[in-house]
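Enquirer: A single structure is presented below for examination.
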Amino acid sequence: MIAPLKQGVTLAQPNGPVIETERLRLRQWCGADVAPNTAMLSDPGTARFITVDGKPVTSELAGWRNAAVMSGHWALHGAGMFVVEEKKTGRFAGRVGPWFPPGWPGFEVGWGIASDFRGKGYAVEAARASIDWCFATFELDQILHCIDCENTASQAVARRLGAEKQGEIDLFGHAADVWVTHRDAWTAKLKA
């Protein structure tokens, strides 16, 4: 827990983009996101595909570290995975957005939606908004989506986004498919 601030003192606040969709708000991370992100990662079905070791996050410290990595990506690179917030309730629904740490196979837009919010199309809605933002912000010809070969739900999201499966890689000791969204195809789809 952070110590109380002295009167008149303020700390730096994230000042990144906020993207609004019909049902969602995509924004930078804050301290209130640590607990719901930890809860999302404590679910074995979620952790299997989005934690480094495929195991559920079982401690407050491990959850804090994960959120620190997500928010730190913004601090280091000026972009990163957004918190996905459901507009209607203001609740943390997951995380979606760009991800490109050292050694990663390329510029990715990934997604992870908390189990309470699945089946509503939030992953597709948030990923579309994030991909739009990435193509508007960065000089990219393509965006990757690295998806565990057994993650059929994320494969369905990639298909709905119009991504193409273009290969397989080893990602943290697990086979992952590399799906690609090409700028030209994305832009053409928007104009249609």
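None of the figures in this text is laboratory data; all of them are computed from the coordinates on show. It should be emphasised that the depicted structure is a prediction, and the values quoted were computed from it without experimental measurement. All Cβ positions, even for glycine, are placed from backbone atoms using ideal geometry, and neighbour counts span all protein chains on display.
Enquirer: Longest segment of the chain with no chymotrypsin sites (Phe, Trp or Tyr not before Pro) in a DSSP loop having at most 14 other Cβ atoms within 10 Å?
Expert: Free of exposed loop sites, the longest segment is 1-137.
Enquirer: Run the numbers on the stretch 19-140 and let me know its relative contact order in percent, using alpha-carbon pairs under 8 Å that are six or more apart. Walk me through the numbers before you get to the answer.
Expert: Details: 188 pairs, mean separation 29.6, N = 122.
Averaging sequence separation for qualifying contacts and normalising by length gives 24 percent for the stretch 19-140.
Enquirer: Rounded if a/c is under 1.5, else prolate if a/b beats b/c, else oblate: with a ≥ b ≥ c from the C-alpha gyration tensor eigenvalues square-rooted, which is the stretch 105-183? Display every interim value, and only then the final one.
Expert: Working: a/c = 1.81, a/b = 1.03, b/c = 1.76.
Since a/c reaches 1.5 but b/c is at least a/b, the shape of the stretch 105-183 is classed as oblate.
Enquirer: May I ask for the net charge around residue 24, where only other residues with Cβ less than 12 Å from the Cβ of residue 24 are counted and Lys, Arg are +1 while Asp, Glu are -1?
Expert: +4
Enquirer: GluC sites (Glu not before Pro), restricted to the stretch 103-141: which are DSSP loop and have at most 14 other Cβ atoms within 10 Å?
Expert: When the GluC sites (Glu not before Pro) of the stretch 103-141 are filtered for loop state and at most 14 Cβ neighbours within 10 Å, 139 remain.
Enquirer: Now a separate question. Which value, in debye to the nearest 20, gives the size of the charge dipole of the chain about its Cα centre, when Lys and Arg are +1 and Asp and Glu are -1 at the Cβ?
Expert: 620 debye
Enquirer: Would you compute, from DSSP H runs of 4+ residues alone, the mean residue ellipticity of the chain at 222 nm, taking -39500 (n - 2.57) per run and dividing by the full residue count, rounded to the nearest 500?
Expert: Working: 6 runs with 69 residues, N = 192.
Mean residue ellipticity at 222 nm (helix-derived): -11000 deg cm²/dmol.
Enquirer: Return the Rg/Rh value of the chain, two decimal places, where both radii are evaluated on C-alpha atoms and Rh is the Kirkwood radius.
Expert: Numbers: Rg = 16.6 Å, Rh = 17.2 Å.
Radius of gyration relative to Kirkwood radius: 0.96.
Enquirer: Let me check I've understood the local charge: for residue 89, count other residues with C-beta under 14 angstrom from its C-beta, Lys and Arg +1, Asp and Glu -1. What total comes out? Before the final figure, lay out each step's value.
Expert: Numbers: positive: 23, 25, 87, 88, 91, 120; negative: 85, 86, 116.
Combined, the nearby Lys, Arg, Asp and Glu give +3.
Enquirer: Sticking with this one: Can you tell me the orientation of helix 122-137 relative to the chain, as the angle in degrees between its alpha-carbon axis and the longest Cα principal axis, to the nearest 10?
Expert: 90 degrees
Enquirer: Pull up the cross-link candidates among the lysines for residue 165, meaning alpha carbon to alpha carbon under 22 Å and not fewer than 8 places away within one chain.
Expert: Hits, sequence-local ones excluded: 189.
Enquirer: To the nearest 10 degrees, how steeply does helix 152-161 sit against the main Cα axis of the chain, on a 0 to 90 scale?
Expert: Once rounded, one gets 70 degrees.
Enquirer: Shifting gears a bit: Collect residues whose amide H, placed 1.01 Å from N in the peptide plane, falls under 5 Å from the amide H of residue 107; neighbours closer than 5 in sequence don't count.
Expert: Residues meeting the amide H criterion: 144.
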